[in-house]
Amino acid sequence: GSETRRKFIDGVISQSDNKYLNNLINYGKILAQRNSLLKYFAANNSFDRDTLSIYDMQLEELGNGLYLKRKEFMKTFIPIFQKRYETISNGREDVSIVY
């Protein structure tokens with residue numbers, strides 16, 4: 001599924017880009033905090049739009065950076081993948097990946 005593909009991409013990029021790894025870790029932490037806040041709101045029948053928007057802004061900033069890095073990675077990875085697949089299929093099939 002898409003989560004498995006994302007984890008693969010994240011794992012490959014993280015091995016060579018420490019900043020990406022740190023951003024990925026921070027994204028996960030902020031997302032967990034935001035989800036906890038939403039659970040708190042539900043449990044206490046309350047809502048604070050300002051606090052939620054702080055988490056949303058942080059997620060948006062980190063998420064955009066992660067997305068752009070993944071997209072950049074795919075530009076490099078797709079031709080390699082296609083070449084390998086061509087070898088496996090003896091050139092009888094074409095394959096493509098879209099991110």
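Details
- Mean-position separation - Cα centroids, region 66-98 and region 5-41, in angstrom: 24
- Calculated FRET efficiency, R6 to N90, Cβ-Cβ distance, R0 = 35 Å: about 0.70 to the nearest 0.05.
- Helical mean residue ellipticity (222 nm; -39500 (n - 2.57) per DSSP H run of 4+; nearest 500) of the chain: -29500 deg cm²/dmol
- Spin-label model, E60 to Q33: label points 7 Å out along the Cα-to-beta-carbon direction sit 1.8 nm apart.
- Rounded to 10°, Cα long-axis angle of helix 49-88 versus longest principal axis of the chain: 10
- Candidates Q58, L38, S2 compared by Cα position along the dipole of the chain: farthest toward the positive end lies S2, with charges placed on Cβ.
- Using a probe of 1.4 Å, the accessible surface attributed to K71 totals some 90 Å² when neighbouring protein chains are kept in position.
- For region 3-99: span of alpha carbons on each principal axis (Å, largest first): 61, 26, 16
The values are calculated or read from the model by the stated rules, or taken from the named source; none is laboratory data. In this text the structure is predicted, and so the values were computed from the model without any measurement. Positions of Cβ are backbone-derived with ideal geometry, glycine not excepted, and every protein chain shown enters the neighbour counts. The area values use the complete protein model at the heavy-atom level, side chains included, leaving out ligands, DNA and RNA. Shrake-Rupley method; radii C 1.70, N 1.55, O 1.52, S 1.80 Å.
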